[in-house]
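Below: one structure in structure tokens.
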Amino acid sequence: MAEPEFERAKRSTKWNSRLSWIWTEYSVIIAFLILFVVSSILSPRFLEFSNLMNILMQVSIIGVIALGMTMIMLSGGIDLSVGSVLALVGVFSVIALNASGSIFIAIITALAVGAFTGFLNGFMVAKLKIAAFIATLGMMAAARSIALYTSDGGSISGEVEGFSAISNSSIGAVQSPIFIFGLMAVLVFILLHQTRFGRYVYAIGSNEKGALLSGIRVDRIKMAVYTLAGMLVSVAAIIETSRLNSISSSSSGQLYELDAIAAVIIGGTRMTGGRGKVVGTLFGVLILGILNNMMNLMNVSPYLQGFVTGLVIIIAVVFQKRE
Amino acid sequence: MSSFLSMKNISKSFNHVPVLKNVSINVEHGEIHALLGENGAGKSTLMNILGGVHQPDEGAIVLNGQTVEMTTPRTSQSYGISFIHQELNVISDLRVYENLFLGNELKNRFGFVKVEEMCDKTSDILAELGVDIHPKTYVRHLDTSYKQMLEIAKALLHNSRLIIMDEPTTALAEHEVHRLFALMKNLKQTGVSIIYISHKLKEIQEVCDTYTVLRDGHVVGSNRMKDENLDEITKLMVGKSVSEDRLTESHSFGPVALEVKHLTSEGFFKDINFTVRKGEIVGFTGLAGDGRTELFESLFGFRKKYNGQIKIFAQDVNINHPKQALKAGMGLVPKDRKENAIIKDLNVIQNMSLSSLAHFEKAGLIKGRAEREKFNFYEQKLNIKVPNPKTTIDKLSGGNQQKVVIAKWLEVNADIIIFDNPTQGIDVGARREIYQHIVALADKGKAVIILSSEASEIRKVCHTIHVMYQGEVTAQFAGEEATDDEIMSYATGSKRGR
């Protein structure tokens with residue numbers, strides 16, 4: 001009698017451990033699916049193709065930034081400056097655009113400014129050993145200030161035909177920002193999961209001293225991480241600037257760091273680094289997008305969106321603690 | 001008269017895996033009782049049951065003739081049992097008296113703490129222990145051995161009648177160990193009983209009155225401690241006899257792989273000279289704080305400030321970063337494996353390949369299959385026991401983790417491999433295996449350096465032993481002619497120059 005009972009108990013613990021494994025590995029996907037189903041029940045318009053595309057379109061900018069944030073947070077850091085840097089990059093690229101009349105030069109300028117600010121962040125963190133939170137907080141204030149100063153606190157608009165086509169065109173049924181987001185996601189996925197660089201990022205986030213004693217150039221990798229993340233902010237800035245054909249030095253990029261960090265955390269990346277996945281971040285971005293979309297569809301005041309984002313971050317972290 | 005403490009017929013399973021099977025143990029008043037066994041034998045589980053952390057499936061705990069139930073760590077404490085864990089439970093940023101009274105602060109009727117009274121009581125207890133520390137000292141300024149004393153003081157403050165010590169000497173230098181032992185003997189006189197968990201048989205022989213050996217959750221032996229029992233106890237622990245023979249055979253060496261001249265780093269080591277040839281195993285030993293770890297961290301590029309000359313295969317090298325050391329053909333298996341060597345979020349395979357990812361790349365992308373195949377090779381070669389190589393490395397036992405770290409440097413193809421305290425936290429059976437692998441490396445022509453404070457251990461494997469004292473090499477022995485006593489007299493500075 002005792003024997004089969006023991007076997008059954010053994011099987012059920014096996015089941016439990018398997019279930020808990022699925023939960024820890026895929027909790028963000030499960031949460032996404034639940035949210036998706038609930039949304040489609042609550043609002044008939046949710047499932048319309050144009051609405052789904054609209055969601056993707058709206059998350060593409062934060063999504064691109066969140067990809068870079070994932071790299072930084074995996075390495076054990078954080079970047080609070082992304083919103084301000086987005087405005088700075090936008091201002092400089094529009095100035096370059098109008099001065100040169102060349103879209104190409106505008107893009108190169110954008111990438112250079114993003115890479116430079118990212119490199120500065122990385123330099124402060126890796127070489128000057130300043131805590132990432134402090135270093136990027138300083139950059140957040142400084143970049144916004146330079147953006148305001150350069151444009152006299154106002155907005156500047158592009159004066160070159162064709163610049164706004166970058167974001168306002170489609171490839172088939174897919175608008176180009178969505179396409180760019182997808183492309184960046186694939187690149188970052190390959191970089192983090194299939195290359196030496198990516199492996200080093202995980203190693204540094206998990207055990208920095210161990211990584212150093214394994215012969216990894218920890219400083220260089222960290223600076224590269226922040227520089228690459230800065231360039232992803234450039235890409236996001238190009239999408240944003242081109243979509244409206246203008247950039248506001250005061251309001252563009254406001255609180256983008258909050259959404260980007262939220263997406264990464266909801267996606268299951270550990271705050272202290274070393275653990276997390278690009279796919280998790282993608283679903284984190286989508287969860288935030290669907291929540292905002294549903295609140296629009298259900299006529300919830302836009303002022304409450306921040307409240308919901310905050311709530312979701314906290315709930316996500318509480319659930320992750322349980323592992 | 002019945003025993004002070006008896007744990008009777010304790011059984012415990014986790015997830016239907018039995019960890020303790022019908023275990024009984026008796027401890028008398030004022031007795032130091034050694035609890036022995038390899039890692040995984042069930043020592044911690046047994047003590048956690050006594051400490052109220054786990055509940056037994058079967059069996060009873062009898063204290064002073066009364067059956068008691070330890071439902072929480074607090075109940076256990078209220079019965080006068082204190083558990084001093086291997087990782088010390090003191091808070092560095094608080095003062096000595098604040099640590100001592102943490103959670104039990106003396107308060108006046110307004111709820112404010114009575115600092116002076118707590119300080120006085122702290123002074124009394126510390127004086128009783130023969131420890132001279134000011135109660136208002138910050139704990140971060142204290143040596144590890146004093147932090148241990150604090151734990152013991154805490155136990156006395158709670159009027160503990162039984163203190164459990166889990167491997168208290170792993171982080172202690174020789175003279176600190178003696179201080180601890182003197183204190184334990186004092187406690188014994190006042191009727192306090194101690195359960196002492198350790199791997200170090202010599203220490204146990206010195207300080208313990210009785211012992212119990214666990215193996216695979218069973219009691220395999222329990223007796224009074226006698227001098228002639230040591231070999232037998234070892235046999236009981238591993239289930240087979242471990243020989244004391246030298247593991248290394250002398251053979252001819254190859255060319256000089258590493259030559260160090262006049263290496264000096266202010267405040268850490270000075271005027272260090274030595275050579276290591278291919279096929280040779282060179283040991284460095286001494287007490288804690290002798291500068292050997294700093295010396296080799298400098299050689300490996302982890303510390304930057306030093307003067308002197310380093311030659312690798314007769315070439316002058318200048319090493320400022322571990323990456324350069326790696327390129328020059330050096331590998332380091334560092335001490336404190338958890339902090340320095342393993343990357344706990346990476347899986348076993350990824351830990352193996354971390355320093356040589358270029359070997360597994362094709363067009364810039366890592367080929368997981370190539371990594372896995374290489375790991376299978378080392379798994380067999382080094383006898384690594386891994387249920388699933390895709391689990392994170394922290395799930396493995398210490399010995400197996402260390403083998404993965406060794407595999408990492410083999411894959412880099414390092415010519416010179418430095419092992420710092422290679423058997424730290426590894427049980428007796430696996431220790432010998434690690435040393436056998438190290439000897440095999442030398443036999444294949446690697447130049448090997450071993451750093452350890454346990455001279456008796458590395459004596460068996462080294463061709464040459466350098467003894468360090470306060471940053472200087474004070475003696476050099478051929479491995480077969482060194483004796484523990486003589487090494488110790490140089491390591492403690494009582495003899496100099498040879």
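Read-outs: derived from the displayed coordinates by stated rules, not from any lab. What you see is a predicted model, and the numbers here were worked out from it, not measured in a lab. Virtual Cβ from ideal backbone geometry, glycine too; neighbours counted across all protein chains shown.
Compare the peptides A:48-56, A:197-205 by average per-residue count of other Cβ atoms within 10 angstrom and give them in order, highest first.
A:197-205, A:48-56
If you restrict to DSSP beta bridges whose two residues both lie in region B:5-238, what percentage is antiparallel, to the nearest 5? Numbers along the way, then the final one.
On the way: 23 of 40 bridges.
Of those bridges, close to 60 percent are antiparallel.
Okay, moving on. What net charge is computed for the residues neighbouring B:Gln86, neighbours being all others with C-beta under 10 Å from the C-beta of B:Gln86, Lys and Arg scored +1, Asp and Glu -1? Please report the intermediate quantities before stating the final value.
Numbers: positive: none; negative: B:Glu87, B:Asp166, B:Glu167.
So the surrounding residues net to -3.
Moving on. Calculate the FRET efficiency for B:Thr483 and B:Val113 from the Cβ-Cβ distance with a Förster distance of 41 Å, rounded to the nearest 0.05.
0.15
How high is the FRET efficiency between B:Lys304 and A:Phe179 when r is their beta carbon distance and R₀ equals 60 Å, given to the nearest 0.05? Could the numbers behind the result be given before it?
Working: r = 48 Å, r/R0 = 0.80.
Rounded to the nearest 0.05, the efficiency is 0.80.
Taking loop as defined by DSSP and a crowding limit of 11 other beta carbons within 10 Å, which chymotrypsin sites (Phe, Trp or Tyr not before Pro) in region B:27-101 fit? Walk me through the numbers before you get to the answer.
Details: sites: B:Tyr79, B:Phe83, B:Tyr97, B:Phe101; in loops: B:Tyr79, B:Phe101.
For chymotrypsin sites (Phe, Trp or Tyr not before Pro) across region B:27-101 that sit outside H, G, I, E and B with at most 11 neighbouring Cβ atoms in 10 Å, the list is empty.
How long is the gain from B:Asp271 to B:Glu373 if the chain were fully straight, where each residue apart is worth 0.36 nm and the alpha carbon distance is subtracted?
Details: separation 102, 0.36 × 102 = 36.72 nm, distance 4.52 nm.
That pair, B:Asp271 and B:Glu373, stretches by 32.2 nm at full extension.
Check every DSSP H run in chain B and write down those whose alpha carbon atoms cover 27 angstrom or more along the long axis and whose mean Kyte-Doolittle hydropathy is 1.6 or greater.
Values: long enough: none.
For chain B, where a helix must reach 27 Å along its axis and average at least 1.6, there are no hits.
So what are the three principal axis dimensions of region B:256-491 from its Cα atoms, in whole Å, longest to shortest?
Per principal axis, max minus min of the Cα coordinates gives 50, 38, 30 Å.
In addition: How many angstrom lie between the C-alpha centres of region A:21-81 and region B:251-321?
Cα centroid to Cα centroid, the span is 53 Å.
Once the Cα atoms of chain B are picked out, what are the Rg and Dmax in Å?
24.8, 79
Related question: Which trypsin sites (Lys or Arg not before Pro) from region B:313-374 combine a DSSP loop assignment with at most 15 other Cβ atoms within 10 Å?
Those satisfying the criteria are B:Lys367.
Now for a separate question. What list of ³J(HN,Hα) couplings, whole Hz, do you get for region A:185-195 from phi and the Karplus terms 6.51, -1.76, 1.60, once you set θ to phi - 60° and write x for glycine and proline?
4, 5, 4, 5, 4, 4, 4, 7, 9, 10, 10
Something else now. Label-point separation (nm) for B:Asp120 and B:His359, each offset 7 Å from Cα along Cα-to-Cβ?
Computed distance between label sites B:Asp120 and B:His359 equals 6.8 nm.
What value in Å³ per residue do you get for the convex hull of the alpha-carbon atoms in the protein assembly as shown?
Cα-based convex hull of the protein assembly as shown, divided per residue, equals 230 Å³.
Enter the mean projected area of the convex hull around the alpha-carbon atoms of region B:1-63, in nm², rounded to one decimal.
The number I arrive at for region B:1-63 is 4.5 nm².
Considering only DSSP beta bridges whose two residues both sit in the protein assembly as shown, what percent are antiparallel, to the nearest 5?
Within the protein assembly as shown, antiparallel bridges account for around 60 percent of the total.
Using alpha carbons only, how many degrees (0 to 90, rounded to 10) separate the axis of helix A:196-206 from the longest principal axis of chain A?
Compared with the principal axis, the helix lies near 70 degrees.
Tell me the relative contact order for chain A as a rounded percent, counting alpha carbon contacts under 8 Å between residues six or more apart.
The normalised contact order for chain A reaches 31 percent.
Report, in listed order, any pair from B:Lys367/B:Lys390; B:Lys385/B:Lys408; B:Lys323/B:Lys367; B:Lys8/B:Lys188; B:Lys335/B:Lys381 with a Cα-Cα distance greater than 18 Å.
Flagged as over cut-off: B:Lys323/B:Lys367; B:Lys8/B:Lys188; B:Lys335/B:Lys381.
Picking from B:His158, B:Gln324, B:Phe112, whose Cα lies most toward the positive end of the charge dipole for the protein assembly as shown (charges on Cβ: Lys, Arg +1; Asp, Glu -1)?
Value: B:Gln324.
Report, please, the projected area of chain A averaged over directions, based on the convex hull of its C-alpha atoms, in nm². Don't jump to the answer; show the numbers that get you there.
Values: hull surface 82.0 nm².
One quarter of the hull surface, i.e. the mean projection, equals 20.5 nm².
To continue, here is another question. With a Förster radius of 41 Å, plug the Cβ-Cβ distance of B:Lys327 and A:Ile130 into 1/(1 + (r/R0)^6) and report the FRET value to the nearest 0.05. Don't jump to the answer; show the numbers that get you there.
Working: r = 30 Å, r/R0 = 0.72.
The value I calculate is 0.85.
Modelled label-to-label distance, A:Leu47 and B:Asn89, 7 Å Cα→beta-carbon offset: nm?
Going from the A:Leu47 label point to the B:Asn89 one covers 5.6 nm.
With viscosity set to 0.692 mPa s at 37 °C, what whole-number translational diffusion coefficient in µm²/s follows for region B:116-177 from Stokes-Einstein and a Kirkwood radius over Cα pairs?
After rounding, the answer is 263 µm²/s.
Rounded to the nearest 10 degrees, what's the angle between the helix A:218-244 long axis and the longest principal axis of chain A, both from Cα atoms, 0 to 90?
60 degrees
Given H placed on each backbone N at 1.01 Å, which residues far from B:Cys462 in sequence or on other chains put an amide H within less than 5 Å of it?
Counting only residues 5 or more places away or on other chains, the set is empty.
By how many nm would the segment from B:Asp336 to B:Asp57 grow when fully extended, if each residue of separation counts as 0.36 nm and the alpha-carbon distance is taken off?
Gain on stretching B:Asp336 to B:Asp57: 96.9 nm.
Further question on the same structure: Measure off 7 Å from each Cα along the Cα-to-Cβ vector at A:Gln194 and A:Ser301, then give the distance between these two points in nanometres to one decimal.
Here the answer is 4.9 nm between the modelled labels.
List the residues, sorted by chain then number, that are 5 or more residues from B:Lys495 or on another chain and whose placed amide H is less than 5 Å from its amide H.
Correct list: B:Tyr490.
Hey, how many Å between the Cα centroid of region A:187-259 and the Cα centroid of region B:45-111?
Using only Cα atoms, the two centres lie 47 Å from each other.
Enumerate the calculated ³J(HN,Hα) couplings along region A:37-53 in order (Karplus 6.51 cos²θ - 1.76 cosθ + 1.60, θ = phi - 60°), each rounded to whole Hz, writing x wherever the residue is Gly or Pro.
5, 4, 4, 5, 6, 5, 9, x, 6, 4, 7, 4, 4, 5, 5, 4, 5
Then there's this: If you plug each phi of region B:56-64 into the Karplus form 6.51 cos²θ - 1.76 cosθ + 1.60 with θ = phi - 60°, what whole-Hz ³J(HN,Hα) values come out, in order, with x for Gly and Pro?
x, 6, 9, x, 9, 10, 10, 10, 6
Can I ask one more? So, by mean Cβ neighbours within 10 angstrom, what's the order for A:32-45, A:81-94 with the highest one leading?
Order by mean packing, descending: A:81-94, A:32-45.
Let me ask another. Calculate for chain B the 222 nm mean residue ellipticity that helices alone would give, adding -39,500 (n - 2.57) per DSSP H run of length 4 or more and normalising by residue count, nearest 500 deg cm²/dmol.
Details: 17 runs with 160 residues, N = 498.
Value at 222 nm, helices only: -9000 deg cm²/dmol.
Exactly which trypsin sites (Lys or Arg not before Pro) in region B:108-144 are in a DSSP loop and have at most 12 other Cβ atoms within 10 Å?
B:Arg109, B:Lys136
Also, quick follow-up: Relative to the longest principal axis of chain A, what angle (0 to 90°, nearest 10) does the C-alpha long axis of helix A:278-297 take?
80 degrees
So, one more: Provide, for q = 0.07, 0.11, 0.13, 0.16 Å⁻¹, the log10 of I(q)/I(0) from a solvent-free Debye sum over equal Cα point scatterers in region B:5-238.
Taking Cα atoms of region B:5-238 as identical point scatterers yields -0.24, -0.58, -0.80, -1.15.
Under a 5 Å amide H to amide H cut-off, with H placed in plane at 1.01 Å, what residues pair with B:Ala475 once short-range neighbours are removed?
Distant-sequence amide H within range of B:Ala475: B:Val467.
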